[in-house]
Amino acid sequence: MSQPTSRSPGDAVPGQDPALAVSPKRVRVHHLRAMKEAGQKITMLTAYDQSTAEIFAEAGVDVLLVGDSAGDNVLAHDTTIPVTVDEMVPLVRAVARRAGRALVVADLPFGSYHASPEQAVSTSVRLMKEGLTHAVKFEGGRSVVPHVRAVSGAGIAFMGHLGFTPQAEHALGGKRVQGRGGAADELLADALALQEAGAFAVVLEMVPAPVAAKVTAALDVPTIGIGAGPDTDGQVLVWTDMAGMSTWSPRFAKRFADARSVLLQAARDYAGEVRGGAFPGPEHSYDR
Ligand code: KIV
């Protein structure tokens, strides 16, 4: 039986504003399309472990992306490029097991899909069977259309990623805004090609806001922006940027908290109490 997309006020879903037009018990790809049609913004955050998955799901975030940004946020690399499928699988599985109502999307890391459509399918299958993801994402436009067709044809939900594509950082000459000037038409052609090949949504990263707005208006499927202005159908941020866990974050990433300072202080307090003998106290000890 299909999930209802509209719920009456009072028929609340945990973490969701009951006034929202589209408020499914469990977010599926068609709900994202319904959100676009209803003008309701889609919310997406990265997550790489069970705690963040649980917290973001409880907050009502619609989509959890297990991004290959795990490379520079979990695995201490400088870029996403060294990330492997073996490293992604346990992260994806942890998030998928704690995602609650959220739709889980897993990134195919660099080198795990480029070789052929068959490679894209077999990596996607692995992330679904071993990682339990609901959907996959990989970077590229018209050059990966055969891969997208193969993945979609295998019954796998696919999200595209255009604009600044971090796996191509060296080829693009660094972290640079994409789609300026004449490149805007190329970006639009890529987005339309991904939609036609079966993408259920397209991420637009570091794209001028007017270009992202034009692409969003031209597509039937939703766009999710990161550094792409306010007119995309949804927004995504890397959670460590959003919550202020990282020491550096890009200009487009608003810090909604200072989680790093909170953790730093907690760890300092803990170490101080252990060294001073205040912890553990009697309430944390067993008499017998
Ligand atoms: O890996 C990632 O976190 C991403 C986002 C930047 C969209 O792809």
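Where in segment 120-222 are there trypsin sites (Lys or Arg not before Pro) that are in a DSSP coil and have at most 11 other Cβ atoms within 10 angstrom of their Cβ? Counting only loop positions with at most 11 other Cβ atoms within 10 Å, the trypsin sites (Lys or Arg not before Pro) in segment 120-222 are ARG176.
Each Cα pair under 8 Å and six or more residues apart adds its sequence gap; the mean of these over the residue count of the chain is a relative contact order of 13 percent.
Note down the relative contact order for segment 159-202 as a percent, whole number, built from C-alpha pairs under 8 angstrom at least six residues apart. Relative contact order of segment 159-202: 51 percent. Helix 29-38 axis versus longest C-alpha principal axis of the chain: approximately 80°, rounded to the nearest ten. Classification of segment 200-252 by its C-alpha gyration tensor yields a prolate form. The axis ratio a/c (a ≥ b ≥ c) is 1.5 or more, and a/b outweighs b/c. In summary, the convex hull built on the alpha carbon positions of segment 59-134 has an orientation-averaged projected area of 5.0 nm². Compactness of segment 64-200 was expressed as the Cα radius of gyration divided by 2.2 N^0.38 Å, which yields 1.02.
Counting only protein heavy atoms and using a 1.4 Å probe, what share of the accessible area of segment 19-69 belongs to carbon plus sulfur, as a whole percent? Looking at segment 19-69 in its full context, I get 54 percent from C and S.
Treating only the Cα positions of segment 108-176 as identical point scatterers, give the base-10 log of I(q)/I(0) from the Debye formula at each q in 0.17, 0.18, 0.19 Å⁻¹. Listed by q, the Debye log ratios stand at -0.58, -0.64, -0.70.
Each residue of segment 267-272 was assigned a 3J(HN,Hα) from its phi angle through the Karplus expression (A = 6.51, B = -1.76, C = 1.60, θ = phi - 60°), giving 5, 5, 4, 4, 4, x Hz with x at Gly and Pro. Computed from the C-beta positions of SER122 and ASP49 and an R0 of 25 Å, the FRET efficiency is 0.45 to the nearest 0.05.
As a calculated quantity, the FRET efficiency between LEU75 and ASP287 at R0 = 30 Å, using C-beta atoms, amounts to about 0.10.
Label sites at THR247 and THR84, each approximated as a point 7 angstrom past Cα along Cα to Cβ, lie 2.7 nm apart.
From the helices alone, meaning DSSP H stretches of at least four residues, give me the mean residue ellipticity at 222 nm for the chain, per-run term -39500 (n - 2.57), in deg cm²/dmol to the nearest 500. Taken over the chain, the calculation gives -11000 deg cm²/dmol. A compact globular protein would have a Cα radius of gyration near 2.2 N^0.38 Å; the ratio found for the chain is 1.07. Taken about its Cα centre, the chain carries a charge dipole of about 340 debye when Lys and Arg each add +1 at the Cβ and Asp and Glu each add -1 at the Cβ. Dimensions of segment 38-85 based on its C-alpha atoms, expressed as ranges along the principal axes with the largest first, amount to 39, 24, 17 Å.
Hey, can you find the accessible area per residue of segment 47-172 for me, probe 1.4 Å, expressed in square angstrom? I get 37 Å² per residue for this part. Seen from a random direction on average, the alpha-carbon convex hull of segment 180-272 projects onto 7.2 square nanometres. Taking 1.306 mPa s as the viscosity and 10 °C as the temperature, the Stokes-Einstein diffusion coefficient of segment 120-223 based on its alpha-carbon Kirkwood radius rounds to 114 µm²/s. Expressed as a fraction of 2.2 N^0.38 Å, the value expected for a compact globular protein of N residues, the C-alpha radius of gyration of segment 16-67 is 1.14. A crude spin-label estimate for the pair ALA259 and ARG142, with each label 7 Å from Cα along the Cβ direction, gives 4.0 nm.
The values are calculated or read from the model by the stated rules, or taken from the named source; none is laboratory data. Here the structure is a predicted model, which is why all the values come from computation and not from measurement. Positions of Cβ are generated from backbone atoms using ideal geometry, with glycine treated the same way; all protein chains shown enter the neighbour counts. Heavy atoms of the whole protein, side chains included, go into the accessibility calculation; ligands, DNA and RNA do not. Shrake-Rupley method; radii C 1.70, N 1.55, O 1.52, S 1.80 Å.
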